[in-house]
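Pasting in a structure now, in structure tokens, and then I'll have a few things to ask.
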Amino acid sequence: MKNLLRISLLMFLITAFLVNSSYSTDLKLGVSGKKQFKTNKAVGPLELKFVSTAPLEEIRGSVSDKNIQSTVYLDPANLEGINGKVSYQTKNLETGLKTRDEHLKSDEWLDADKYPEIFFEVKGMKDIKIISSDGGKATIEATVMGIYSMHGKTKSITVPIKLIYIKESESSKKRASGDFLSVEGKFQIALKDFEVGGKMSTVGSKVGEKIDINFRLFYNIQ
């Protein structure tokens, strides 16, 4: 009898763990099912900026909105299951000085010819907090998990984000069709993790050892 009780208790604990592990966050907008979203400048301006801060120099750069590509798959009733990709070509990085841009993309630094793409592959979402959900709009704060790839190297990172989901309405149709999605956030990468400028004496003096990246992207269902 005691053994039967132990087994029953064990099965209960396992079931509770499995149920809790499969918990999914719902935006409560009456929308479900995984949907494909793609970046669209008609919804809002795409922004991707980076800053290198070092004792001797601060370098600010960006990628123009026409060169940012992203597709995200999201179920509004299961936010944890998000996946997708944000990418751009290494050659599209701009810092405002042509000679510096050429140097940045040379084989001494990012080697744009050998490693033409920089991307972040989204693998899921956690620590989700619903800030508001009213009518056709919901706002959350969360942490996105994924893989960042640059200079032929990859690293698992987490990115704190703010996400806004807007259901299609007569007003939103004036911009674009389908539901809207906006995602913004910021994170930091270390150049040494991607073997960039490892032998350069300028890293740490003129180029920051870590790069701050800020982004804001707008999508619609396609």
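Bear in mind these aren't lab numbers, they're just calculated from the coordinates by the rules spelled out. None of these values were measured; they are calculated from a predicted model. Note that each Cβ is placed from the backbone with ideal geometry, even for glycine, and that neighbours are counted across all protein chains shown.
Quick check: net charge around E184, other residues with Cβ under 9 Å of its Cβ, Lys/Arg +1 and Asp/Glu -1?
Values: positive: K162, K186, R216; negative: E47.
With Lys, Arg at +1 and Asp, Glu at -1, the neighbours total +2.
On to the next question. If I model the stretch 92-222 as equal point scatterers sitting on the Cα atoms and use the Debye formula, what is log10 I(q)/I(0) at q = 0.09, 0.12, 0.18, 0.19 Å⁻¹?
-0.38, -0.62, -1.03, -1.09
Quick one: if you stick a label point 7 Å off each Cα along the C-beta vector at I157 and T53, how many nm between them?
Placing both labels 7 Å beyond Cα along the Cβ direction yields 1.6 nm.
Here is a further query. What relative contact order, as a whole-number percentage, does the chain give when Cα pairs under 8 Å and 6 or more residues apart are counted? Mind dumping the intermediate values first?
Values: 488 pairs, mean separation 51.0, N = 222.
Here the relative contact order equals 23 percent.
Neighbouring Cβ atoms within 10 Å as the yardstick, rank H103, H151 fewest first. Mind showing how you got there, number by number?
Details: H103 14, H151 19.
Lowest to highest Cβ neighbour count: H103, H151.
A further question follows. Would you please give the residues with an amide H less than 5 Å from that of G204, counting only those at least 5 places away or on a separate chain, with H modeled from the backbone geometry?
Answer set, sorted by chain and number: E209.
To the nearest 10 degrees, how steeply does helix 2-21 sit against the main Cα axis of the chain, on a 0 to 90 scale?
40
Could I ask something else about it? With Cβ to Cβ distances under 14 Å as the rule, what net charge do the other residues near K41 carry (K, R +1; D, E -1)?
Details: positive: K38, K66, R175, R216; negative: E47, D65.
Value of the local net charge: +2.
Looking at (1) 1.42; (2) 1.25; (3) 1.17, which value of Cα Rg over 2.2 N^0.38 Å comes from a calculation on the structure shown?
Looking at Cα Rg over 2.2 N^0.38 Å for this model, the match is (2).
Full-extension gain between S171 and S106, please, as 0.36 nm times their residue separation minus the C-alpha to C-alpha distance.
On the way: separation 65, 0.36 × 65 = 23.40 nm, distance 4.64 nm.
Here the segment from S171 to S106 would lengthen by 18.8 nm.
Determine the shape class of the stretch 20-71: with a ≥ b ≥ c the square roots of the Cα gyration tensor eigenvalues, call it rounded for a/c under 1.5, and otherwise prolate if a/b is greater than b/c, oblate otherwise.
Numbers: a/c = 3.91, a/b = 1.86, b/c = 2.10.
Oblate shape, in that a/c is at least 1.5 and b/c is the bigger or equal ratio.
Taking neighbour Cβ counts within 10 Å as the exposure measure, how do R60, R216 sort from fewest upward?
Numbers: R60 13, R216 17.
The fewest-first ordering by Cβ neighbours comes to R60, R216.
Cβ under 12 Å from A112's Cβ, A112 left aside: what net charge do those residues give with Lys, Arg +1 and Asp, Glu -1?
Values: positive: K91, K105, K114; negative: D101, E102, D107, E108, D111, D113, E117.
Charge balance near A112 sits at -4.
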